[in-house]
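Q: Supplied in structure tokens, the structure appears directly below.
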Amino acid sequence: MMRIRALPDVPRWAVLAAHAVPLATLPSGLWRLALVAGLPVTQDAELGAMSVGQSVYVVSLSVVSELLALLTLGLVRSWGEVFPRWLPFLGGRRVNPAAATGAAFAGVAGLCAIAGWGVYASYADLGPGIPATAAQDALLIACYAPLVAWPVLLAAVAAAYYRRRRHGGKREGGGGRQYGAGRPAASSWV
């Protein structure tokens, strides 16, 4: 069985949820990359290639969304408690739990707003739409449907992070040194 790395005091469900976020964003990114590559994911793909500017935008959107999804892992790993040493100005300092939690919940709000706008725009018939066959529509839905889980998983992991960190890492009923105090082992950065 594959072992998933995380801090020892993180609930297993939170670790699995944090690792599911990048996996949930991956299909939509791959669909966008297929669109840029000219694969027949829409009927427009056969009409001609995208302009360079459009291609850069779509690829950048895929890369940025995956990088943001990967930040969820910081809520269950040591770099969510102590900034990695290689970061300028912040390296080796403790992560403020309120700032990390606030950023995560701001991300949840942003994702919900984007999803809400997408649903509204779809039902209000705003924009040109994506000309596609039934099979292409099914592929699009299959690739974008997992994104619905992103804000839900992020909110759950952020709530677990906040609960774990709100008392300075001490568990109720017992003390203990918080993981991440001082310099973490080099293997914990992975």
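Read-outs throughout are calculated quantities, based only on the coordinates presented, and are distinct from any laboratory measurement. Bear in mind that the values here come from a model prediction, so they are computed numbers and not experimental data. When we count neighbours, we look across all protein chains shown, and the Cβ atoms used for this are built from the backbone with ideal geometry, even at glycine.
Q: When the chain is fully extended, how far beyond the present Cα-Cα distance does W86 get from V52, taking 0.36 nm per residue of separation?
A: Values: separation 34, 0.36 × 34 = 12.24 nm, distance 3.40 nm.
Working it through step by step, the gained length comes to 8.8 nm.
Q: Suppose each label sits 7 Å from its Cα in the direction of the beta carbon; what would the I4-L23 distance come out to in nanometres?
A: 0.7 nm
Q: Inverting the mean 1/r over all pairs of different Cα atoms, compute the Kirkwood radius of the range 1-95 and quote it in Å.
A: Its Kirkwood hydrodynamic radius stands at 15.8 Å.
Q: Mind checking the dipole of the range 1-123: about its Cα centre, +1 per Lys or Arg Cβ, -1 per Asp or Glu Cβ, Debye to the nearest 20?
A: Values: 8 positive and 5 negative charges, 125 e Å.
Taking the Cα centre of the range 1-123 as origin, the dipole is about 600 debye.
Q: Sticking with the crude label model, points 7 Å out along Cα→Cβ, report the distance from T133 to A113 in nm, one decimal please.
A: Taking the simple label geometry, T133 and A113 are separated by 3.9 nm.
Q: For the pair I141/S60, report the inter-label distance in nm, with labels modelled 7 Å from Cα in the Cβ direction.
A: 3.3 nm
Q: So, one more: Could you give the length gained on full extension between A159 and A106, defined as 0.36 nm per residue of separation minus the Cα-Cα distance, in nm?
A: 17.8 nm
Q: Please give the contour-minus-distance gain from R12 to A98: 0.36 nm per residue of separation, less the Cα-Cα distance, rounded to one decimal in nm. Intermediate values should be presented prior to the final figure.
A: Details: separation 86, 0.36 × 86 = 30.96 nm, distance 2.23 nm.
This chain segment gains 28.7 nm when fully extended.
Q: Could you state the per residue volume, in Å³, of the convex hull enclosing the Cα atoms of the range 1-40? Intermediate values should be presented prior to the final figure.
A: Numbers: hull volume 3.7 nm³, N = 40.
Convex hull volume per residue, Cα atoms: 93 Å³.
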